[in-house]
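Report on the structure given below.
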Amino acid sequence: MTHRIVVLGAGYAGANAAGRLAKRLHPADTEITLVNADPEFVERVRMHQLAVGQDLKVRRLSDVFAGTGVQVRVARVAAVDVERGIVHTDGGDIAYDTLVYALGSAASGVPQHALDIAGKQSAQRLRARLDDLGAGAAVLVVGGGLTGIEAVTEIAEARPDLDVSLAVRGDLGSWLSEKAQAHLRQAFDRLGITVHEGVDVARVEKTCAITATGREIPAQVTVWTAGFAVHPIAAATTLEVSETGQIVVDDSMRSVSHPDVYAIGDAALAPGASGSPLRMSCASGVPTAHQAADAIVARLTGGQVPKNKIGYNGQCISLGRNDAVMQWVTPDDRPKPSALTGKAAVRLKEFICKAAAWSVSHPTVMLPSRRRRVGVASAVHETAL
Ligand SMILES: Cc1cc2nc3c(=O)[nH]c(=O)nc-3n(C[C@H](O)[C@H](O)[C@H](O)COP(=O)(O)OP(=O)(O)OC[C@H]3O[C@@H](n4cnc5c(N)ncnc54)[C@H](O)[C@@H]3O)c2cc1C
């Protein structure tokens, strides 16, 4: 009997996991289905670029996975019945023996009059709104995290005619090293971005944002980057989830409550090698995908489950197309004193983004083909997986 592996979500995590599984498992006894709402791979790390009018490379999932043995199903997941092993989608039900849950995240808490850049549709809506703005119009980005910084610098660089500002709760880039913070401030000055520090945006109106202290910040367009949350699908199941709704997994990305379910990428509350939880990022999504795929292969074929070696090297932040900061970090994501800035960081950031997209669009190229049979281990699977 074939072992049915269903991967939900074809973002950085899900697409990488599906490709790696296809490369490692023999097609005679495994069936791999990749379910995604969008027919294309969406390069989320470039949504701020899409929003300011840059066109992104189109990668159709059916082309990417042609000939790999992975069956792509374009469908929206509505619910998962983890007790019966069935995924309910708008295109019908799909039964699984092993599930890899990789539905990612979306913007959360976005006020009525604000826009976000967490996904393709919302980035395209922002693009249309920015296109409509005349010179001198005010754009406010709310949120001083990585996405807020990348968004505000991209907008200011692409539209120097606009009055662009950023609202942050604390100080700009306060978690970064002194060197990186200084570079950030220089870049913001050069791009003419006003920074509102120590500000809590309480409300967004059509032409302004209002802070918790009642101050009005003019904004014809407000871009909300202050919150990301996972889809509620996992929390609606009997899977053990965290307060954030992420699926709680062990070192091998396997659900702590349901051994036939793995969760990866933004959708998982996963430990890194140091034991601390990984942050929502592409930088965690790809290694968690590899870890889950390798663990599934090991358990199905009787191999050794690999040790969790997931850790970080750096946080690479674009500051428009002509500047960037690479903040070097410890494996558990604490900043080191050193940072790379300017053109060298731009080249590094571009290399990282391209490499991440390349790993998705060449799913079975990266590894030597070691298509293992699900043999003796299917008995192991029956009992332990
Ligand atoms: C503007 C921006 C810049 C970023 N920059 C960086 C960066 O520089 N570095 C970094 O490490 N991270 C960055 N991130 C974060 C990074 O993009 C995410 O952490 C990463 O995409 C998570 O990967 P994932 O595979 O878990 O989820 P996703 O990439 O979100 O993929 C999830 C997939 O699931 C699909 N899906 C969702 N719901 C359903 C459903 N119900 N049914 C079917 N399919 C569904 C989606 O269509 C999508 O294809 C950035 C994010 C944004 C928004």
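Quick notes on this one:
- Here the Karplus relation 6.51 cos²θ - 1.76 cosθ + 1.60, evaluated at θ = phi - 60°, turns the backbone of the stretch 229-236 into coupling constants of 9, 7, 5, x, 4, 5, 5, 7 Hz, with x for every Gly and Pro.
- Fully extending the segment from Gln121 to Thr330, taken as 0.36 nm per residue of separation minus the present Cα-Cα distance, adds 71.8 nm.
- Distance between the C-alpha centres of the stretch 291-338 and the stretch 51-80: 24 Å, rounded to the whole angstrom.
- Dipole magnitude for the stretch 291-355: computed about the Cα centre from +1 point charges on Lys and Arg Cβ and -1 point charges on Asp and Glu Cβ, it is near 120 debye.
- Size of charge dipole - the chain - debye, nearest 20, with Cβ of Lys, Arg +1 and Asp, Glu -1, no other charges: 1140 debye
- Descending by average beta-carbon neighbour count within 10 Å, the peptides 338-346, 208-216 line up as 338-346, 208-216, the highest first.
- Added length on full extension, which subtracts the Cα-Cα distance from 0.36 nm per residue, Arg76 to Asp38: 12.9 nm
- Cross-link reach list, lysines versus Lys57, counting only Cα pairs under 16 Å and skipping chain neighbours closer than eight places: Lys120, Lys354
- Between Asp171 and Ala66, the simple spin-label model (points 7 angstrom out along Cα→Cβ) gives 5.5 nm.
- Peptides 277-285, 49-57 ordered by packing proxy, namely the average of other Cβ atoms within 10 Å per residue, highest first: 277-285, 49-57.
- Highest average packing first - 304-317, 322-335, 15-28, Cβ atoms within 10 Å: 15-28, 322-335, 304-317
- Straight-distance crosslink candidates among aspartates and glutamates, where the alpha carbon sits under 12 Å from Lys307 and sequence neighbours closer than 8 are dropped: Asp250, Asp251, Asp294
- Comparing Cα centroids, the stretch 154-170 and the stretch 27-50 end up 31 angstrom apart.
- Note on the chain: antiparallel DSSP beta bridges, both residues inside, total approximately 45 percent of the bridges counted.
- For the stretch 114-222: Kirkwood Rh in Å [reciprocal of mean 1/r, alpha carbons]: 14.1 Å
- Here the chain yields Rg over Rh of 0.99, to two decimals, using C-alpha coordinates and the Kirkwood radius.
- Mean Kyte hydropathy of 0.5 or more with a Cα span along the axis of at least 15 Å, helices from DSSP in the chain: 146-158, 282-301
- Rolling a 1.4 angstrom probe over the protein heavy atoms with all chains in place gives the chain an accessible area of 43 Å² per residue.
- Bridgeable lysines around Lys336 (alpha carbons under 23 Å apart, same-chain partners fewer than 8 residues away excluded): Lys179, Lys309, Lys349.
The values are calculated or read from the model by the stated rules, or taken from the named source; none is laboratory data. Quick caveat: nothing in here was measured; it's all calculated off a predicted structure. No Cβ is skipped: glycine too gets one built from the backbone with ideal geometry, and neighbour counts run over all protein chains shown. Just the protein is used for accessible areas: all its heavy atoms, side chains included, with ligands, DNA and RNA removed. Shrake-Rupley method; radii C 1.70, N 1.55, O 1.52, S 1.80 Å.
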